[in-house]
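First up is the structure itself, then whatever we jot down about it.
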Amino acid sequence: MLMSSMVTSAVRHVSARRHPQKATSKKPVFDVKSFLDSAGLGRKIGQFRGKETVFTQGNLAKNVMYLQEGGVRLSVVNELGKEAVVAILGPGDFFGEACLAGQSICMTTATAIGTTTVLIIDKDEMIRALHEEHEFSDRFIAYMLTRNIRVEADLVDQLFNSTEKRLARTLLLLARYGSVDKPQTLLPKISQEMLAEMVGTTRSRVNVFMNKFRKLGFIQYNGKIKVNTSLLSVVLHD
């Protein structure tokens, strides 16, 4: 028995010398959530108070932003000084990505809505992650495709739908109905002036429909806006 054990050990030793194990340098698994939730090489966390500017129209475009918490309003100002809101963003949204396509300056101003946390990713680090980390690039591409569909739907909405429908749809989008994440029924504080800019109407018209939605039980409106699922009936009604 002892002799058999010694022979087996010797055979294994010789085999190991003839066929040494190849060193494995397996690449660590890339964790998309960890990448977007924390600071690291080429990325940092930015904290902003309500109404604080994240970046300004005309600034150098050198970072991609990922919204972790809170909200961001994107707006543009024309040569006459008139401001227009072009988007309201929530957790999970990217912005500032135009720098990846060669845009040298920011075309919008980003302003925090309430207390907001943003992951600021250097352009070079974003490009590296997109090239090397397929899971991350898949997520980013899916986001951009979804947003492109949203932009087209916004255009159709603006061209063909009534002010009442446009306002209802805007409120539902702000509440993130239809997204993968759970709807955020209680909206961040947003003024009727801002809603009017987003919908493309006057504040007085927004006020009329907000009061109508409240009376019908579609929303609760007392400083902050709570959106109920019943508001969908306004959008779906022909």
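Of the candidates LEU60, LEU67, the single residue that is among the aliphatic types (A, V, I, L, M) and open to solvent by less than 20 Å² (accessible area, probe 1.4 Å) is LEU67. In the range 93-122, the residue that is surrounded by the fewest Cβ atoms within 10 Å (Cβ to Cβ) out of those that are in contact with a strand residue (DSSP E or B) (Cβ under 7 Å, 6 or more places away or on another chain) and on the phi > 0 side of the Ramachandran plot is GLY114. Scan the range 61-72 and tell me whether some residue there is among the acidic types (Asp, Glu) and within 18 Å of GLY90 (Cα to Cα). Looking for residues that are among the acidic types (Asp, Glu) and within 18 Å of GLY90 (Cα to Cα), one finds at least one in the range 61-72, hence yes.
Looking across the range 124-139, the residues that are in contact (Cβ under 8 Å) with a residue 24 or more places away in the chain, open to solvent by less than 40 Å² (accessible area, probe 1.4 Å) and of a type outside the set (Asp, Glu) come down to MET126, ALA129, PHE136. Which of the residues that make up the range 167-178 are modelled with pLDDT under 85 and surrounded by 15 or more Cβ atoms within 10 Å (Cβ to Cβ)? Of everything in the range 167-178, those that are modelled with pLDDT under 85 and surrounded by 15 or more Cβ atoms within 10 Å (Cβ to Cβ) turn out to be ARG176, TYR177.
Just one of the numbered conditions (1) touching a helix residue (DSSP H, G or I) at 6+ places or on another chain (Cβ under 8 Å); (2) hydrophobic (A, V, I, L, M, F, W, C); (3) open to solvent by less than 60 Å² (accessible area, probe 1.4 Å) is not true of LEU232: (3). Only one entry of ILE219, ILE190, ILE225 meets the criterion of being β-branched (Val, Ile, Thr), over 23 Å from the mean Cα position of the chain (by Cα) and open to solvent by less than 70 Å² (accessible area, probe 1.4 Å), and that entry is ILE219.
Scanning the range 159-175 for residues that are within 17 Å of ARG73 (Cβ to Cβ) and in contact with a Gly (Cβ under 8 Å, 6 or more places away or on another chain) turns up just one, LEU174. Being open to solvent by less than 30 Å² (accessible area, probe 1.4 Å) and part of a strand (DSSP E or B) is the filter; apply it to the range 79-92 and report the residue that is nearest to ASP122 (Cα to Cα). Filtering the range 79-92 for residues that are open to solvent by less than 30 Å² (accessible area, probe 1.4 Å) and part of a strand (DSSP E or B), the one nearest to ASP122 (Cα to Cα) comes out as LEU89. The residues listed here are SER5, SER34; of these, the one that is more than 32 Å from the chain's Cα centre (by Cα) and either modelled with pLDDT under 95 or outside any loop (DSSP other than H, G, I, E, B) (or both) is SER5.
On inspection, LEU155 does not qualify as in contact with a strand residue (DSSP E or B) (Cβ under 7 Å, 6 or more places away or on another chain), open to solvent by 80 Å² or more (accessible area, probe 1.4 Å), at pLDDT below 90 and of a type outside the set (Gly, Ala, Ser). From the list PHE213, PHE209, the one residue that fits, being farther than 16 Å from ILE88 by Cα, in contact with a Leu (Cβ under 6 Å, 6 or more places away or on another chain), part of a helix (DSSP H, G or I) and free of Cβ contacts under 8 Å to residues at least 60 places away in the same chain, is PHE209.
The values are calculated or read from the model by the stated rules, or taken from the named source; none is laboratory data. Given the structure is predicted, the values throughout are model-derived calculations rather than measurements. Ideal geometry is used to build each Cβ from the backbone, glycine not excepted, and the neighbour counts take in all protein chains shown. Ligands, DNA and RNA are stripped out before the accessible areas are found, and what is left, the full protein with its side chains, is counted by its heavy atoms. Shrake-Rupley method; radii C 1.70, N 1.55, O 1.52, S 1.80 Å.
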